[in-house]
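Chemist: Quick one: the structure is below, questions incoming.
The values are calculated or read from the model by the stated rules, or taken from the named source; none is laboratory data. Computed from a predicted model, the values in this text were never measured in an experiment. Positions of Cβ are backbone-derived with ideal geometry, glycine not excepted, and every protein chain shown enters the neighbour counts.
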Amino acid sequence: MFCKCLHRLSNICEVKCHINGTVLFVLLVVMAGSYVSGETVSAPEPYGVVPTAHQLTWHEMEYYGLIHYGLNTYTGQEWGYGDVSPDVFKPTDLNTDQWARAARAGGMAGLILVAKHHDGFCLWPSKTTEYTIAATSWKDGKGDVLGDLSRSCKKYGLKLGVYISPWDRNHAEYGRDQYIKDYHEQWREVLTHYGPVFEVWFDGANGGTGYYGGARQRRSISKDYYQFDKVFKLIKSLQPQAVFFNGSDVDGVRWVGNETGVAGETNWSTFNLNETSDQKIRPTGIKGGKFWLPAEADTTILYPKKWFYRKNSRPRTLKQFTDLYYTTIGRNASFNLGLSPGPDGRIPERDVQAMLAQKKQLDRELAVNLVRGVTIVASEFRESAPAYSPGQCIDGTTKTYWATSDGINEASLTMDFGKEVAFNRLLLQEYIALGQRVDEFTLEVQQAGKWQKVVGGTTIGYKRILRLNPVTTSKARLTLKTDAPCLTLSHIGLYNAPIIMTEPVMHSGREGMVSIHASDGAVVFYAVGEKSSAADFNRYSGPFDLGKGGHVSAYALDPVTGWKSDVVSKLFGIAKVNWKITGCSCSHEGDASVERLIDGDDHTMWRTDGKEGRQPPPQWVTIDLGETINISGFTCMPRGDGSFVGLVDRYEFYLSHDGTHWGSPVSQGEFSNIQNNPIEQVIRLSTPQKARFVKFNATHALEANDCVVVCELGIVRAVDQQKENLCP
């Protein structure tokens, strides 16, 4: 027995790098007595609801992609109507290996395929409808995109997920009993023939206008129309390991509530199903919720944000892309990034390079954990047992953890680096297999012998990462608080991340003078023109005239390190200095005036909900441009203050030579997905047309359609006239 005790003590001595020698000696004596007397130390009891094994596996994936590819890729739509011929699907180099290879190289752990979007077109040869990949000429009608992707994911070590839209704007029986049978059978098909599936995806776009087999109707559905209880039961019977996005209470994950890739800084993994419609609490979760429903944050690689491929869209800048990591994974959410293969069937190289650049930057930022190997002392750990000592937080695995004794609701970890170190990142992980506990945490550093607070926060969960102002110290202290019986922490990290050169911000007012702003000390280079080469960039020295509009590209350079920001581009409309409002259906006084629509400020608004009351759509305005212009399109800046009231989602656009005779609209349609993506809308005319007067008619708006709110309108001059004034 004594020999066994000595052997155990030799293992206990491994904690010598975590506590000082005096405490270590006492600990050895205490543990020796505990071992000899046969006492054991019990693990903490689970706190509240805890994740299933499948949810834990999902948490560990962290980052995966959502592939949007189909008929919309070729039509330029976000939400297809369901009436497009399958013949438009003509990829020349469809390569799912390239998709999987890019995802793996970019750090993803899986890919979810939008196997059927709202237009009803199936990317596998379903027997439930003729509107499938089998109806195309690709591979002589024998192709199967889902099957190809399943094999590619297996080849590159990725997990496969599937999304099948409940809404089907093509199916003749949508809204009736037969469609439900077909929809359930579609799930049976994809979950039977394509291997293991890690996540099944659902969204809330259900019912409305559609082709519906030629009926061209608006069809509404009841809350229980899809019989999701049967769908979930079917999925679990076929793929028991799958987690449900935005669906079931068992093995479920919740939508974070936006499509911008931003989770709440407070983010509980617990939630209540009856509160899933509350957009305010989706990002934050609910402390003590009945179900473990962690957040999945989704957005797209494209900016402006589009789910399907757009020729004129660009991938996010490196800073934007890196920010998404910290606002998703860094806030206890998974990161689901929308990827958009182009008409050739490949993810564009520009997007692949953006993914690789983000991966490289994040690898640099979190490369060296400064806490590994240092002296770390806990104010208390569970009955002084080595299995729960502070060293478990820096042993390189999240399967072990530091834990306090029951009844200890506040405790701290003190790290002694032995020298001055600099850091600007804090990474924390709870041992969530036993539940999420931490209500509050604080990081302090010792300066001149005194503790000074650096940062504080609320929840941690699976992973929490904070970006800090740079700090230098030889000692740091982390303090955690909880209402639970005890605390747990599986990982702590401090990192000194290199900076990213911030991309420039460009602005133009009514006069058409473009100004560019960047980080302090940075040198800005810019070029004018839609297709600019490196030789076209000149050093920016001050605002320049772009009164006739055009594209401007710019980047910032750190003259000390040589680091460059990503190149950013913006399309500017023509100057508005000679514009006049000639007519308007509704103009309130003051800050709701229609004059706000052409004042050159993207933050002021024309509103029809002024002091005189709310005026619903349609609402129109006519503008005299001051001269006849060859017009190729227009821009519309929606409100970006977070409110959906008055957010215009349908429009008509007219042109006139005299401001009296308008004819038919030269453009009309919808600003697709505007609620989740309220960014400047750029609408191109099919053919440029000359006109002096324009008319914008907001035909419908969100939030009960009871008013209209628009920030700014712009006019894009045709390229042949833009060339007259490209160079300032």
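Chemist: Pull up region 59-111, narrow it to residues that are surrounded by fewer than 21 Cβ atoms within 10 Å (Cβ to Cβ) and among the polar types (S, T, N, Q), then point me to the one that is farthest from Ile329 (Cα to Cα).
Modeler: Result: Ser85.
Chemist: From the list Pro618, Pro638, which residue is surrounded by fewer than 20 Cβ atoms within 10 Å (Cβ to Cβ), in contact with a strand residue (DSSP E or B) (Cβ under 7 Å, 6 or more places away or on another chain) and not charged (D, E, K, R)?
Modeler: Working: Pro638 fails: surrounded by fewer than 20 Cβ atoms within 10 Å (Cβ to Cβ).
Sole residue among the options that is surrounded by fewer than 20 Cβ atoms within 10 Å (Cβ to Cβ), in contact with a strand residue (DSSP E or B) (Cβ under 7 Å, 6 or more places away or on another chain) and not charged (D, E, K, R): Pro618.
Chemist: Please determine, by comparing only the residues of region 239-255 that are in a strand (DSSP E or B) and aliphatic (A, V, I, L, M), which one is farthest from the chain's Cα centre (by Cα). Break it down into steps so the answer makes sense when it comes.
Modeler: Let us first name the residues in region 239-255 that are in a strand (DSSP E or B), namely 243-245, 252-255.
From what is left, the residues that are aliphatic (A, V, I, L, M) are 243, 253.
Details: Val243: 19, Val253: 15 Å.
Per the criteria, the residue is Val243.
Chemist: Can you name every residue in region 644-667 that is among the polar types (S, T, N, Q) and in contact (Cβ under 8 Å) with a residue 24 or more places away in the chain?
Modeler: In the first step, residues of region 644-667 are kept if they are among the polar types (S, T, N, Q); the result is 656, 660, 664, 667.
Hits for region 644-667 are Ser656, Ser667.
Chemist: Taking Ser389, is it polar (S, T, N, Q), touching a His at 6+ places or on another chain (Cβ under 7 Å) and within 23 Å of Glu444 (Cβ to Cβ)? Give the derivation first.
Modeler: On the way: polar (S, T, N, Q): yes; touching a His at 6+ places or on another chain (Cβ under 7 Å): yes; within 23 Å of Glu444 (Cβ to Cβ): yes.
Spelling it out, Ser389 is indeed polar (S, T, N, Q), touching a His at 6+ places or on another chain (Cβ under 7 Å) and within 23 Å of Glu444 (Cβ to Cβ).
Chemist: May I pose another question? Restricting to region 563-618, what's the tally of residues that are among the acidic types (Asp, Glu), over 30 Å from Gly529 (Cβ atoms) and either at pLDDT 90 or above or within 32 Å of the chain's Cα centre (by Cα) (or both)?
Modeler: Initially, region 563-618 is screened for residues among the acidic types (Asp, Glu), giving 566, 589, 591, 595, 599, 601-602, 609, 612.
After this cut, where a residue has to be over 30 Å from Gly529 (Cβ atoms) as well, the list is 589, 591, 595, 609, 612.
Now restrict to residues that are either at pLDDT 90 or above or within 32 Å of the chain's Cα centre (by Cα) (or both): 595, 609.
Final tally of qualifying residues: 2.
Chemist: Look at region 51-88 and say how many of its residues are outside any helix (DSSP H, G or I), farther than 30 Å from Gly289 by Cα, in contact (Cβ under 8 Å) with a residue 40 or more places away in the chain and in contact with a helix residue (DSSP H, G or I) (Cβ under 6 Å, 6 or more places away or on another chain). First the steps, then the outcome.
Modeler: Within region 51-88, the subset outside any helix (DSSP H, G or I) is 51-52, 62-70, 76-85.
Then drop every residue that is not farther than 30 Å from Gly289 by Cα, which leaves 67-70, 76-85.
With in contact (Cβ under 8 Å) with a residue 40 or more places away in the chain added as a condition, the list becomes 67-70, 76-83.
Those still in the list that are in contact with a helix residue (DSSP H, G or I) (Cβ under 6 Å, 6 or more places away or on another chain) too: 80.
Final tally of qualifying residues: 1.
Chemist: Something else now. So which of Leu478, Leu468, Leu427, Leu443 ends up being in contact with an Asp or Glu (Cβ under 9 Å, 6 or more places away or on another chain), part of a strand (DSSP E or B) and not aromatic (Phe, Trp, Tyr)? Walk me through it before giving the result.
Modeler: Working: Leu468 fails: in contact with an Asp or Glu (Cβ under 9 Å, 6 or more places away or on another chain); Leu427 fails: in contact with an Asp or Glu (Cβ under 9 Å, 6 or more places away or on another chain); Leu443 fails: in contact with an Asp or Glu (Cβ under 9 Å, 6 or more places away or on another chain).
Sole residue among the options that is in contact with an Asp or Glu (Cβ under 9 Å, 6 or more places away or on another chain), part of a strand (DSSP E or B) and not aromatic (Phe, Trp, Tyr): Leu478.
Chemist: Same structure, new question: What pairs come up if the first residue lies in region 101-123 and is farther than 18 Å from Ile347 by Cα, the second is of a type in the set (A, V, I, L, M, F, W, C) and in a strand (DSSP E or B), and their beta carbons are under 7 Å apart, counting only those six or more places apart or on different chains?
Modeler: Lys116/Cys122; Lys116/Ile164; Cys122/Ala115
Chemist: Considering only region 697-718, state which residues are touching a strand residue (DSSP E or B) at 6+ places or on another chain (Cβ under 8 Å) and either within 27 Å of His118 (Cβ to Cβ) or not assigned by TED's automatic domain parsing to the domain that holds Leu597 (or both).
Modeler: The first filter runs over region 697-718 and keeps only residues touching a strand residue (DSSP E or B) at 6+ places or on another chain (Cβ under 8 Å), leaving 697-703, 706-718.
Residues satisfying the conditions are Asn697, Ala698, Thr699, His700, Ala701, Leu702, Glu703, Asp706, Val708, Val709, Val710.
Chemist: Out of Gly633, Gly626, Gly642, report the one residue that is assigned by TED's automatic domain parsing to the domain that holds Asp706 and part of a loop (DSSP other than H, G, I, E, B). Let's see the steps before the verdict.
Modeler: Numbers: Gly633 fails: part of a loop (DSSP other than H, G, I, E, B); Gly626 fails: part of a loop (DSSP other than H, G, I, E, B).
Of the residues listed, the single one that is assigned by TED's automatic domain parsing to the domain that holds Asp706 and part of a loop (DSSP other than H, G, I, E, B) is Gly642.
Chemist: Looking at Leu413 and the list (1) buried (at least 22 other Cβ atoms within 10 Å of the Cβ); (2) within 26 Å of Ala448 (Cα to Cα); (3) free of Cβ contacts under 8 Å to residues at least 60 places away in the same chain, which single condition is not satisfied?
Modeler: Only one criterion is unmet by Leu413, namely (3).
Chemist: Report yes if some residue within region 147-167 is under 16 Å from Tyr131 (Cβ atoms) and among the acidic types (Asp, Glu); otherwise report no.
Modeler: First pass over region 147-167, keeping only residues under 16 Å from Tyr131 (Cβ atoms): 164-167.
Right, trim to among the acidic types (Asp, Glu) and you get none.
No; the residues of region 147-167 include none that is under 16 Å from Tyr131 (Cβ atoms) and among the acidic types (Asp, Glu).
Chemist: Kindly provide the set of residues from region 619-647 that are farther than 19 Å from Leu571 by Cα, among the small types (Gly, Ala, Ser) and within 36 Å of the chain's Cα centre (by Cα), ordered by number. Walk me through it before giving the result.
Modeler: Going through region 619-647, the residues farther than 19 Å from Leu571 by Cα turn out to be 619-624, 626-628, 641-647.
From what is left, the residues that are among the small types (Gly, Ala, Ser) are 626, 642-643, 646.
Once the filter is applied, which keeps residues that are farther than 19 Å from Leu571 by Cα, among the small types (Gly, Ala, Ser) and within 36 Å of the chain's Cα centre (by Cα), region 619-647 yields Gly642, Ser643, Gly646.
Chemist: Since Gly547 meets every condition but one in (1) crowded, with 18+ Cβ neighbours inside 10 Å; (2) in a strand (DSSP E or B), which condition does it not meet?
Modeler: Only one criterion is unmet by Gly547, namely (2).
Chemist: Does any residue in region 202-221 that is under 10 Å from Trp167 (Cα atoms) come within less than 7 Å, Cβ to Cβ, of a residue that is crowded, with 16+ Cβ neighbours inside 10 Å and among the hydroxyl-bearing types (Ser, Thr, Tyr) six or more places away or on a different chain, and which pairs are these?
Modeler: Here the result reads Gly210/Tyr81; Gly210/Tyr174, each pair linking region 202-221 to a residue that is crowded, with 16+ Cβ neighbours inside 10 Å and among the hydroxyl-bearing types (Ser, Thr, Tyr).
Chemist: Now for a separate question. Filter region 618-640 down to residues that are farther than 11 Å from Val709 by Cα and either among the small types (Gly, Ala, Ser) or without any contact (Cβ under 8 Å) to a residue 60 or more places away in the chain (or both), then give me how many there are.
Modeler: 3
Chemist: With the condition kept exactly as written, say whether any residue in region 173-181 is closer than 19 Å to Ser248 by Cβ and either at pLDDT below 95 or not polar (S, T, N, Q) (or both).
Modeler: Within region 173-181 (the criterion being closer than 19 Å to Ser248 by Cβ and either at pLDDT below 95 or not polar (S, T, N, Q) (or both)), the answer is yes, since at least one residue qualifies.
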